[in-house]
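Each remark here refers to the structure printed beneath this line.
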Amino acid sequence: MPAATNEALFEQSEDGFGSQPYPTAAGAAPTANTDAVALPADGPAGAELDAIRREGLTGRQLRLARRMAQKYGLPATSDFDAVRLLRQAGLDPFRSTPVVDIVAAAGAEMEAAGPDAPPARGGMVPVPAGQRLPQTIKPVQVPAPMPEINPAAEIMQMQLDLQRRRRRRSLLLMARLFFFVLLPTVLAGFYYYVVATPLYATRTEFVIQQAMPQTPGSSSLGGLATTPMANMQDSITVQGYLQSRDAMLRLDRDIGFREVFSAPHIDPIQRLEPDATNEAAYKIYQRNVLVSYDPTEGIIRMEVIAPDPQTSVQFSQALIGYAEEQVDQLTQRLREDAMKGARDSYAEAEQALLDARQRSVQLQERFKVLSSDVEVSLITGQIGQLEGQLTADKLSLAQMESNANPNAARMEPLKRRIATLESEIATLRSKLVEEDASGQSLARVQSELAVAEADAETRQMMLAQSLQAMETARIEANRQARYISLSVAPVAPDEATYPRAFENTVVAMLIFAGIYLILSMTAAILREQVSA
């Protein structure tokens, strides 16, 4: 085949740089030493790659070098490494017709190697010496140059890809929002607007007050005794009782709480099964009986919800009655203890007074004396009269004896009378201090009667004090009494209070949206951690 034909066959298309030489390829003639391809560079590979990068090669030149390295089987790791390996192999990838020189060099090498030489690199078959067989030379498949890229078309394609991705992501986002947010919200709205049973709420407000409030000066709390803080403990106790299982059980026994919420017209979500446990009934009770306490005003607010307005009012009135009983029980023991002590003290003082009076009567009966003072006064009166008569008789006797010739007949009776008076006076005096046949004296009787009367008087004073203490305890007990004062009485509503369909639907949507947002953020964080 003529040389001109070979050159035209293996000639590469123009890449736009003409025959412009490059510093690293200047003066380098192609050689046929194919073993140099596998040899390492003389210097470090990193320095050579840096020198090639500084040459400012275009992207087209680098692609051409990569294709040539792939065609000759050079292990290039990058475009710059392909340029380096080609230059080490003695090939200039930027010449206009390098393939013709390579083929010529390969033919000369095969002739010099002989017939037994292995096939040359690149798939060339050696021809034995002295034989010139006509052989068909397969043209090297040179890849066609890549078409020119239009920047505007490339940008348009990128924009279309971005639009498709955004549309796909938007569709996926809408689908997720529909299944996780919109569909549950629609189901919740359907339940609230169509299925849910209308419920009626009765609101009640009451306060706990003292029967006789203390004055600020009569209590150690001072001004706090007249504020709502004074009854905070009682109010909190009543609130806890109204929300307890005991109140629910009493309401069920008195009115039939379970039967009301087990009726067939109640929707399945709010319906209580007929054979439900007390815990299930208590959950329904907590959801339909709401009790709150305002410590700033001391007001207890209660809201009772029932399927029927009249039933709601009955529930409210029953719970208020339970609260009044609970309030009475809070101070009942304190009041009973205070009154019991006062009553016992009064009873003891009264019994002691009765015993003292009985002992005085017994002394009077035993001594047969109504009063020792009266007896003493009688005896002393008699002695005084006798003393007066005795004194008069003695004066008369002395006057008679003063005569020169006294009359003996008149003096003798007078002397006997004087002796009799003295004997009577002595007898009366002996009754005051000397014991009689029974071993008792008037002085001892007077002393015992005086002790008994003094004891009775003391017991009388103690009884009076006990009576005053009992009255004071009664006043304090009445002051400790509590009672409920209704500020808002229960009134049956004429419209259903619950369910609040719109508000509940919006709340359900916000809840589902929040759950979806939390799950999305969690999935994104986990995906980021796994990819990292």
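Details
- Near-label residues of the stretch 494-528 by backbone N, under 18 Å of a point 7 Å along Cα→Cβ of PHE179: 512-524
- Scalar couplings 3J(HN,Hα) for the stretch 248-255, obtained by applying the Karplus form with A = 6.51, B = -1.76, C = 1.60 to θ = phi - 60°, are 5, 5, 5, 5, 5, 5, 7, 10 Hz; x denotes Gly and Pro.
- Within the stretch 250-328, the GluC sites (Glu not before Pro) that combine a DSSP coil assignment with at most 14 other C-beta atoms in a 10 angstrom radius are GLU297.
- Fewest-first ordering of MET302, MET174, MET339 by other beta carbons within 10 Å of each residue's beta carbon gives MET174, MET339, MET302.
- Among ASP234, ASP494, sorting on how many other beta-carbon atoms sit within 10 Å of each Cβ, with the fewest leading, yields ASP494, ASP234.
- Loop-resident GluC sites (Glu not before Pro) (DSSP state other than H, G, I, E or B) in the stretch 453-532 with no more than 16 further Cβ atoms inside 10 Å of their Cβ: GLU495.
- Under the combined filter of DSSP loop state and at most 16 neighbouring Cβ atoms within 10 Å, the stretch 316-359 retains none of its trypsin sites (Lys or Arg not before Pro).
- Residue-by-residue Karplus 3J(HN,Hα) for the stretch 334-348, coefficients 6.51, -1.76, 1.60, Hz, glycine and proline x: 4, 5, 5, 5, 5, 6, 5, x, 5, 5, 4, 5, 5, 5, 5
Values quoted throughout were computed directly from the atomic coordinates according to the rules given, and no laboratory measurement underlies them. The structure displayed is predicted, hence computed values, not measured ones. Backbone-built Cβ (ideal geometry, glycine too); neighbour counts: all protein chains shown.
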